[in-house]
């Protein structure tokens, strides 16, 4: 069974600090990796996705992927109180036709709290 | 960006009744949509993959006769919870992806439907 593991937290960081969120996955066939943010009572919204080993930066967010270690992380720089949410890591296989692309396996999420 | 609209946002129904949830892709065509369910303080679990013009594919453990999925057009998928029971109370979220050429976008999620069965 494919598994995606996250520390459920809560992770508490002061405003302006770097928040580091981690995720490990069990299926070596996983090809695509996603970070979603979910506010309480709302549906997930996509923050970033990454396919290749290394770092990918988008504004205050950096995703890091290490397929050999089956590890993906999300760094949030200059954390703001508005970043307080549950962060979901999701992985998927991606075949040539993309037909399995939507079958995401989600981790249980990490609750992040950014305090002023 | 691609927008997925879900309706209703919340619904309360009595045990034994059926509830229909609609999921629409507003600015793109979606041959495939996905239905997820999320119980409180838990992560999202895929229920089924909805395919336009054909039968849905259900994940293991999901009752296809209870959760009826219809994907009659390229922009609309519906999930009907039949004979609902209190244990079906959950947050149901649909999602879809658009495509440019051979490149699929990541999933876009609808706003979700909070179902409460009394």
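The values are calculated or read from the model by the stated rules, or taken from the named source; none is laboratory data. As the structure is a computational prediction, the values presented were derived from the model and not from experiment. Cβ atoms come from the backbone with ideal geometry, glycine included; neighbour counts cover every protein chain shown.
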Subset of segment A:26-49 (residues that are at pLDDT 90 or above and more than 29 Å from residue B:114 (Cβ to Cβ)): A:26
- prompt: Mind checking whether some residue in segment B:23-44 is more than 14 Å from chain A (Cβ to nearest Cβ), surrounded by 19 or more Cβ atoms within 10 Å (Cβ to Cβ) and either farther than 27 Å from residue A:23 by Cα or over 11 Å from the mean Cα position of the chain (by Cα) (or both)?
  reply: yes
task: Restrict the check to segment A:34-46 and report whether at least one residue is away from chain B (no Cβ under 14 Å) and in contact with a strand residue (DSSP E or B) (Cβ under 6 Å, 6 or more places away or on another chain).
output: no
- line: Checked segment A:30-50 for anything surrounded by 13 or more Cβ atoms within 10 Å (Cβ to Cβ) and not in a strand (DSSP E or B); matches are A:30, A:31, A:42, A:43, A:44
- request: Taking the residues in segment B:45-70 that are away from chain A (no Cβ under 13 Å) and in a strand (DSSP E or B) as candidates, determine which candidate is modelled with the lowest pLDDT.
  value: B:70
message: Against the condition in contact (Cβ under 8 Å) with a residue 40 or more places away in the chain and more than 12 Å from chain B (Cβ to nearest Cβ), how does residue A:14 come out, does it pass?
response: yes
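Kindly check whether there is at least one residue in segment A:30-43 that is in contact with a helix residue (DSSP H, G or I) (Cβ under 9 Å, 6 or more places away or on another chain) and touching a residue at least 40 places away in the same chain (Cβ under 8 Å). If you could, list the steps in order and put the result at the bottom.
So in segment A:30-43, the residues in contact with a helix residue (DSSP H, G or I) (Cβ under 9 Å, 6 or more places away or on another chain) come out as A:37.
Then keep just the ones that are touching a residue at least 40 places away in the same chain (Cβ under 8 Å); that gives A:37.
Checked against the condition, which is being in contact with a helix residue (DSSP H, G or I) (Cβ under 9 Å, 6 or more places away or on another chain) and touching a residue at least 40 places away in the same chain (Cβ under 8 Å), segment A:30-43 yields at least one hit.
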